Amino acid sequence: MTKPVVAVQMRGISKSFGGVKALDNVDFEVFVGEVHALLGGNGAGKSTILKVLNGIHKPETGTIQVCDQYLTESHPKEARDAGVAMNFQEMSLIPTLSVAQNIFLTREAVSKLNLINDKEAVRQAKVLFDTLQVDVDPNAMVGDLGAGQKQLTEIAKAISQNAKVLVLDEPSTALAVSDVERLFVFLRKLKEKGTAIIYVSHRMDEIIQIADRATILRDGKHVISAPISKLPIDKMIEHIVGKRSNGLADVTFSKASKGDLLLELQDVCGRYRPQKVDLKVHEGEIVGLAGLLGSGRSSLARIISGITPAQSGKIKIRGKSVNFRRPGDANAAKVALVPESRSTQGIIADHSVQSNVTMASLKQLTRYGFEIKQKSQSIVDAQIKRLSIKTASRDHAVVTLSGGNQQKVVIGKWLATMPDILVLDEPTAGIDIGSKSEIVALIRNLAREGKAIIMISSELSELLTACDRIVVMEGGRIFSDNPREYYNESSNPNDDPGRQLQAAEKHLQTEIQLAVKAQTRLESTNG
């Protein structure tokens, strides 16, 4: 058997921030022509070791070798010259530039007169998106794109560099299932050409599909490196969280005790999407919105929360018609949105936990323009306790917290406004399996307190674990609206909870595919 060729070899890597060891003598090795999964909980050290490899952080100890070259300068240019390309979990795109300009930033094509050739950048970007078989306009301004298309632009930017080592940090966070499948087809082609791919994801099903080997970190230390065939999902989760766990399958599902009708939508339309949506949500009920990227889920969430005014139709809260022209109107009606992007829409990372949690409630926490500190502190302490936010104190910067705890801060900020209706757009994006379970259990508890919750998630297992009803959308329209139990029909009741969840997930995936086919037929009939 031929010995594999090493593409990345990191030995004894240590790195601290403010006296806290993010990496403690970590070894990490990746072979040429393999997809290597890097796994661990939030705060395990994954992003830190990748930023060390990419030259963003300088390690205190250890050596880094990429193919035959040792990296000693700890500079992104050195890593790039050695053949390392990376897409970042927290997107690095410039919103005022086009998609094509972002992809080839600092590597622009030039004309014979040595002027930047934007037409050539557009052409090359289109080739990249055609290769990935995804629909993104190279001329579009990045600031106008949704989260999924921004994510695809980040991926295109990374793969455009023809790298020897391609690092993908949570590349599928905002992608639909179909886009993830297309990405995997492309990654397998890169692998066949000898590219070493480091793949970071909290989605266990993706890891099983795409990875050859995995390395797991926990608390900044190396736990294990092994072939995926030797790491079943339950064993992976055990190494990640430090105890035996079935992940989301461990969350106890109890049927909702529905109260009064809180939210009702009648024939609601947006400018483009949604289209003629009818929806009812009761107190104590969690309604999930499922569908592919662009199906209209987030557009509907923005209308309900007042970010985008409805073009027609009626929105009623407790039977009374409302007309939301801005988010403040929705907040006044006790509607709150936990947005899709935590880093750009949810938190101010360098500010304290306290200032982030109280940000949306300042009107109620000030007198004559001055903050009532005792009242603010009391509210923040209550949210820290209620949500089990792990922070040294309310005065610590949110950036020092793990992703899961940052997400709890975002949820706490909106819970502090005491909403009756809570809209959650991808509430567990980019957080580890242990924190996902905590967030889903928290959402179930909020429903038990009587809140009406609308939850959007691209992770079907999450919707099936959290929701009482699941609404499938496509083309801005509702295709189906079924109780959670509907998806148990194909499950064997004697199976363990994990297998039952997988069977239900396949059933829901089939429902989404049926919605896509129905929309395609509708468009062909109308067009």
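The values are calculated or read from the model by the stated rules, or taken from the named source; none is laboratory data. Treat the numbers as computed from the prediction; the structure is a model and nothing was measured. Note: ideal-geometry Cβ built from the backbone for every residue, glycine included; neighbour counts use all protein chains shown. With ligands, DNA and RNA removed, areas are computed over all heavy atoms of the protein, side chains included. Shrake-Rupley method; radii C 1.70, N 1.55, O 1.52, S 1.80 Å.
Brief remarks follow.
- In the chain, helices alone account for a calculated mean residue ellipticity at 222 nm of -10500 deg cm²/dmol, with every DSSP H run of four or more residues adding -39,500 (n - 2.57).
- Neighbour net charge for Lys3 - beta-carbon separation under 14 angstrom, K R +1, D E -1: -2
- Count Lys and Arg as plus one, Asp and Glu as minus one, and take only other residues whose Cβ is under 14 Å from that of Ile307; the net charge is then +3.
- Percent antiparallel among DSSP beta bridges (both partners in the chain, rounded to 5): 55 percent
- Solvent-accessible area per residue in the chain equals 46 Å², computed with a 1.4 angstrom probe and all protein chains kept.
- Of the DSSP H helices in the chain, those whose Cα atoms cover at least 24 Å axially and whose Kyte score averages -1.0 or more: 497-526
- Across the range 481-486, rounded Karplus estimates of 3J(HN,Hα) from the backbone phi angles (6.51 cos²θ - 1.76 cosθ + 1.60, θ = phi - 60°) give 9, 10, x, 3, 4, 4 Hz, Gly and Pro being marked x.
- Checking [x] 53, 24, 20; [y] 37, 28, 25; [z] 58, 26, 21 against semi-axes √(5λ) of the Cα gyration tensor in Å calculated from these atoms, the matching label is [y].
- Percent of beta bridges antiparallel (DSSP, the range 394-499, rounded to nearest 5): 55 percent
- Assuming charge only on the beta carbon of Lys and Arg (+1) and of Asp and Glu (-1), the dipole of the range 1-42 about its Cα centre is about 100 debye to the nearest 20.
- Highest average first, the peptides 448-461, 102-115 ordered by how many other beta carbon atoms sit within 10 Å of their residues are 448-461, 102-115.
- Over 25 Å (Cα to Cα) - which of Lys46/Lys230; Lys3/Lys164; Lys126/Lys191; Lys15/Lys157 fall in this group: Lys15/Lys157
- Remark: the chain carries a charge dipole of roughly 920 debye about the Cα centre, counting +1 on each Lys and Arg Cβ and -1 on each Asp and Glu Cβ.
- ³J(HN,Hα) computed for each position of the range 69-84 - Karplus, 6.51 cos²θ - 1.76 cosθ + 1.60, integer Hz, glycine/proline x: 10, 7, 9, 10, 8, 6, 9, x, 5, 4, 5, 5, 5, 7, x, 9
- From phi via Karplus (6.51, -1.76, 1.60), per-residue ³J(HN,Hα) for the range 459-475 in Hz, x at Gly/Pro: 8, 5, 4, 5, 4, 5, 7, 8, 9, 8, 9, 10, 9, 9, 10, 7, x
- Most to least packed among 261-270, 406-415 [average Cβ atoms within 10 Å]: 406-415, 261-270
- Across the accessible surface of the chain, with the other protein chains kept in place and a 1.4 Å probe, carbon and sulfur atoms take up 50 percent.
- Dipole magnitude (debye, nearest 20) for the range 1-71, charges at Cβ of Lys, Arg, Asp, Glu: 180 debye
- Net charge of the neighbourhood of Val380, taken over other residues with C-beta under 13 Å away and scored Lys/Arg +1, Asp/Glu -1, is +4.
- Viscosity 1.002 mPa s, temperature 20 °C, Stokes-Einstein D of the range 128-242 from Kirkwood C-alpha radius, µm²/s: 139 µm²/s
- Sorting 197-207, 478-488 by their mean Cβ neighbour count within 10 Å, with the most densely packed peptide first, gives 197-207, 478-488.
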